[in-house]
Amino acid sequence: MSAQISTNGTDSTIPYVPVTGQREAATERKRAFPYRFPRDPRLLGGKFTVAANTRRLLRFFYFERRLAQALGAWTLSLPEFEVKLETGRHIFYHADAARLLRERLSEQEMRVKDVDAFRDADIDRFIEEMLSATNAPEFLAGVHQVLGRALATAYRHHCDDTDPVTDAPTIRCLQRVLTDYEPMLAWADAALGAYVDGGVNESQLAVWHWHLQRLLASMGGVTASDPRAEAPSPLRSTDKPFVRGTVPLRDARFDTFKNTGDYDTADGQERFPKDSYEALRLRFIRTQRDEVDAIEAFGTFIWDIRFKDFQAEYDLARITWDEARHTEIGHRALLAAGYDPFELRNRLTGSTCRGPMDPAFAMAEINLFGEVGVLKTINGLIDTAAERKDELLRHIADFIRSDERTHVRKGGRILQVMTDLDAKALEQRTRELFTECLVSLGAVKQDMDVFTVSREDIERLVGE
Ligand SMILES: [Fe+2]
Ligand SMILES: [Fe+2]
């Protein structure tokens with residue numbers, strides 16, 4: 001072995017064996033090569049094996065999945081308009097992070113089936129406690145300032161610690177997640193600042209913040225590899241397990257109604273002649289703003305069907321974000337039409353009925369009646385808007401139509417996850433439940449012994 005020349009590192013396990021002339025020839029060829037491309041400074045190394053990587057990524061996946069579900073559970077109970085909207089968006093950010101991590105895990109020796117089946121009792125305990133916030137500011141503090149911030153830090157550390165060459169796909173995955181985290185966490189800090197400036201008790205928030213920090217530390221942090229601290233006691237969620245809210249909350253700027261589905265009836269007067277283009281146009285824009293209730297519906301479904309099917313959770317999360325956009329579109333279109341959006345009364349009829357309902361029937365109502373109903377009239381509305389050169393309505397309805405078509409397409413599969421009932425039975429039971437609810441709200445009069453509102457009545461009264 002005397003021909004061997006030792007490489008610089010003395011611990012190399014692969015002996016270097018030269019063939020006479022090859023290295024000199026290579027040096028000569030390199031000298032003759034004219035291009036000096038940028039150097040890639042990344043080195044081999046990194047802290048993790050595939051197994052260690054997987055263990056961490058699986059926890060990240062689970063946290064993201066649980067965050068999407070947890071935010072969904074609170075959608076009805078967040079009163080402030082801006083917070084409900086942002087939360088609709090954040091639900092999708094977390095679901096999408098889970099999707100990216102799930103995909104990476106499937107490339108790291110895990111079967112998707114096993115990724116979806118993963119559960120962790122410590123993480124569940126933390127999520128349950130975080131859900132047990134007593135108000136919206138406490139909930140935001142737990143979601144963003146405790147857990148969100150800890151996850152963002154863990155993702156950055158993981159990018160720094162893993163091999164930048166062999167594990168580049170994980171780094172790209174986490175960096176994409178962090179792209180959503182940055183504005184999300186910055187928004188949460190600003191929102192909590194607004195709550196405190198507006199009179200929310202800061203020290204009470206700090207007590208809750210500290211409590212959740214200690215709970216997270218007691219499980220070794222998000223990666224479970226930090227030294228474990230003593231768990232705080234007692235936990236709110238042990239005293240009283242979390243149950244999601246069922247009543248749609250609105251902030252003090254809104255004037256709400258639920259005794260009718262009809263805007264003119266709610267206002268006590270007609271702004272425009274019934275069925276005129278102007279009436280249909282304003283109804284469409286108001287309905288979009290009032291889709292703040294669709295954030296509540298789809299967000300709540302994610303919680304109610306949690307763990308049944310990842311793809312259904314993901315599709316619901318995306319629809320929730322879309323409905324947050326429809327709400328924003330409606331709010332801005334009202335402004336562009338010369339209204340203060342808060343001068344127009346907010347319809348709570350649909351959400352009040354759906355809130356406590358089994359998700360299959362609530363989903364059937366909003367998807368099979370509401371969204372399908374929109375598609376029946378929207379083509380005519382867009383054509384009329386184009387004829388009248390009403391660019392505001394044509395523009396917003398064009399995008400909303402494509403979203404709602406997508407929702408109807410995804411809805412069928414989601415409903416299959418929610419129920420075994422056939423289409424006819426599902427529609428019948430949904431109509432019965434809504435009849436009961438609408439009668440109790442005074443939105444329809446029960447004038448016969450056997451009476452069930454028609455599909456068309458629900459489309460008209462509840463609207464979407
Ligand atoms: Fe919508
Ligand atoms: Fe929709």
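The values are calculated or read from the model by the stated rules, or taken from the named source; none is laboratory data. For clarity, every value in this text was computed on a predicted model and none was experimentally measured. Note that we place each Cβ from the backbone using ideal geometry, even for glycine, and neighbour counts take in every protein chain shown. For the accessible areas, the whole protein counts, side chains as well, though only heavy atoms, and no ligand, DNA or RNA atoms are used. Shrake-Rupley method; radii C 1.70, N 1.55, O 1.52, S 1.80 Å.
Laid out as a table, the results:
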quantity	calculated
Selection from segment 298-352 of residues that are among the small types (Gly, Ala, Ser), in a helix (DSSP H, G or I) and over 27 Å from ARG102 (Cβ atoms)	GLY330, ALA333, ALA336, GLY350, SER351
Which listed residue is closer than 19 Å to THR349 by Cα, in contact with an Asp or Glu (Cβ under 7 Å, 6 or more places away or on another chain) and either crowded, with 22+ Cβ neighbours inside 10 Å or of a type outside the set (D, E, K, R) (or both), from PHE298, PHE284, PHE310, PHE272	PHE298
Qualifying positions in segment 276-319 - closer than 14 Å to ILE400 by Cβ and under 22 Å from the mean Cα position of the chain (by Cα)	THR287, GLN288, ARG289, ASP290, GLU291, ALA294, ILE319
Qualifying position, being in contact with a Ser or Thr (Cβ under 6 Å, 6 or more places away or on another chain) and open to solvent by 70 Å² or more (accessible area, probe 1.4 Å), among ARG172, ARG236	ARG236
Options GLU80, GLU64: the member that is touching a helix residue (DSSP H, G or I) at 6+ places or on another chain (Cβ under 9 Å) and open to solvent by less than 50 Å² (accessible area, probe 1.4 Å)	GLU64
Residues that are touching a residue at least 60 places away in the same chain (Cβ under 8 Å) and part of a helix (DSSP H, G or I), drawn from segment 149-165	ALA150, LEU151, ALA154, TYR155, HIS158, ASP161
Some residue of segment 91-108 being surrounded by fewer than 23 Cβ atoms within 10 Å (Cβ to Cβ) and outside any helix (DSSP H, G or I)	yes
GLY355 among the small types (Gly, Ala, Ser), within 16 Å of ligand 1 (Cβ to nearest atom) and closer than 20 Å to SER77 by Cβ	no
Within segment 373-407, tally of residues that are crowded, with 16+ Cβ neighbours inside 10 Å, within 16 Å of ligand 1 (Cβ to nearest atom) and within 29 Å of the chain's Cα centre (by Cα)	11
